[in-house]
Amino acid sequence: MSQSSLFSRIFRSLALLLNIAVIAWLLACLAAAYIFPQGKVSIVSLFSFSTFFAIVANLAFLVFWLFSSKKKNSLLSLIALGLCWPVVRPVWGTNYFGNNDTSAEAQRLKIMTWNVHLFDLGEWTKDKSSKERIIKLIKEENPDILCLQEFYWDEASDQEPYTQLLQQQGYPYAKFSIENRMKKSVMTSHAGKGEIINIGHAVFSKFPLKNEQRYALDSSRYNMLSVQVAVAENRIFSLNVVHLTSVAFGRREMSYIEDVKLNSKAPDREAKSKFILRKLRDATEKRARLAVAIDSVKRRMEHPIIICGDFNDVPGSYVYRKVKGSLGDAFTAKGKGLGRTYLKIFPTLRIDYIFYDDKALKVEGYDRPAVGLSDHFPVIATFSYRKTDTTGL
């Protein structure tokens, strides 16, 4: 046996072992979508954050084997990708061709959801015009229904500072659900003495909102704002808005992550990394409990369901699978690429969603304007109606 032949065999054997390892990695990502993240097994949930990279690794091996003398080995990653399709499909939008229409038209329903990060109250963007630009973008997009997370209103008057302003843009119907209450001075030095703000979800609509409900998702502050949107007498939808547990990274954690990106030898790397992983794991478990509660509530709803908001979790995660259930994802229907909705940490974070009943609605367009006015991008979807009567399916 020649030396080059021996080297080739060793190389292919090592490649096969590495291929098996990345297949196991992708299977762990699939497991993360189905295993409730509790106790020791909660570490599995963290694999969902790496699904995109596991997919890329398997695609790389698929191509590698196709250009080698062992073409049959390409079936290994191909089969793995097929088996893991439930977590592979929502990661990357493939809708590069065909019509993508997000215009506001008659006989359509345009929905916009956005975590507005308190309208940049703390001036995190360093842009003093960000508040006005947020309002301007909403006016330009002109959605029929506007769902906002981390919206705030003055405790003294829920019309201030943005409610009345938004209603003047053509949204006479508005509902709020408080999740937090704090002194305004915590966020900005421009606050008046003793000024208190309420923070939570808000829905602004061109259509009447009926049967308002606030479903407590756990014993703490998290809730789901649920309203029935009466588009017409015989066309009613159950609209639900959520903002699930964030990891709550502070400035120190965010600074450390940025340091690691730039310098792999950041001080105390191991200890800080373990701390961050624990925060990720604990937040994932909390979100999973909220997701179970949402799933329980939505099963009791009479009308076609729309669920949107900031889930703080990635496609293919346990939370994504549980909340989505049999609903459609507007991004997978019309989005393209990674669809990143969170501006910080990693470019793979799509954590804001619009889920919908695909028996009653058809997605005509999806957009995610890349505007740096919050730490999230807005998410927009336009729907046409599949059924005339949606008073009960």
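The values are calculated or read from the model by the stated rules, or taken from the named source; none is laboratory data. All values derive from a computational prediction rather than experimental measurement. Cβ coordinates were reconstructed from backbone atoms using ideal geometry, including for glycine residues, and neighbour counts include every protein chain displayed. SASA here: full protein model, heavy atoms, side chains in, ligands and nucleic acids out. Shrake-Rupley method; radii C 1.70, N 1.55, O 1.52, S 1.80 Å.
Observations on the model:
- For Asp101, nonlocal amide neighbours, meaning residues 5 or more places apart or on other chains whose placed amide H falls under 5 Å from its own, are Gly365, Tyr366.
- Within the stretch 182-252: Cβ-based charge dipole about Cα centre, in debye rounded to nearest 20 (Lys, Arg +1; Asp, Glu -1): 340 debye
- Loop trypsin sites (Lys or Arg not before Pro), the stretch 89-174 (other Cβ atoms within 10 Å of the site Cβ: 11 or fewer; DSSP): Lys126, Lys128
- Tyr171 long-range amide H proximity, modeled H, under 5 Å: none
- [x] 0.95; [y] 0.98; [z] 1.02, with the label sought being that of the calculated Rg/Rh (Cα atoms, Kirkwood Rh): [z]
- Per-residue HN-Hα couplings for the stretch 328-338 [Karplus 6.51, -1.76, 1.60; θ = phi - 60°; Hz; x = Gly/Pro]: x, 10, 4, 5, 5, 6, 9, x, 9, x, 6
- The stretch 109-132 and the stretch 60-95 have Cα centres separated by 40 Å.
- Whether the stretch 1-107 is rounded, prolate or oblate, judged on the alpha carbon gyration tensor where a/c under 1.5 counts as rounded: oblate
- Sites counted here are chymotrypsin sites (Phe, Trp or Tyr not before Pro) in a DSSP loop (not H, G, I, E or B) having no more than 16 other Cβ atoms within 10 Å; the longest part of the chain that contains none of them is 125-393.
- The lysine pair tally for the stretch 285-393, using Cα distances under 22 Å and a gap of 8 or more places or different chains, is 24.
- Inter-centroid distance (Cα atoms) of the stretch 27-49 relative to the stretch 144-198, Å: 37 Å
- Probe 1.4 Å, accessible area per residue of the chain, Å²: 48 Å²
- Apolar share of the accessible surface for the chain: 56 percent from carbon plus sulfur atoms, 1.4 Å probe.
- Derived scalar couplings between HN and Hα for the stretch 380-385 equal 10, 9, 10, 10, 9, 9 Hz in order, rounded to whole Hz, by the Karplus curve 6.51 cos²θ - 1.76 cosθ + 1.60 (θ = phi - 60°), x for Gly and Pro.
- Stokes-Einstein diffusion coefficient of the stretch 283-367, Kirkwood radius over Cα pairs, 20 °C, 1.002 mPa s, in µm²/s: 159 µm²/s
- Of the trypsin sites (Lys or Arg not before Pro) found in the stretch 287-375, the ones in coil according to DSSP and having at most 12 other Cβ atoms within 10 Å of their Cβ are Arg299, Arg300, Lys344.
- Farthest toward the positive end of the dipole of the chain, out of Phe119, Ala60, Gln213, is the Cα of Ala60, where the dipole comes from beta carbon charges about the Cα centre.
- Solvent-accessible surface ranking, highest first, for Thr391, Thr348, Thr113 at 1.4 angstrom: Thr391, Thr348, Thr113
- The stretch 150-160 - phi-based ³J(HN,Hα) in whole Hz, Karplus 6.51/-1.76/1.60, Gly and Pro as x: 6, 7, 9, 9, 5, 5, 5, 7, 6, 7, 10
- Convex hull per residue volume in Å³, alpha carbons only, for the stretch 119-189: 101 Å³
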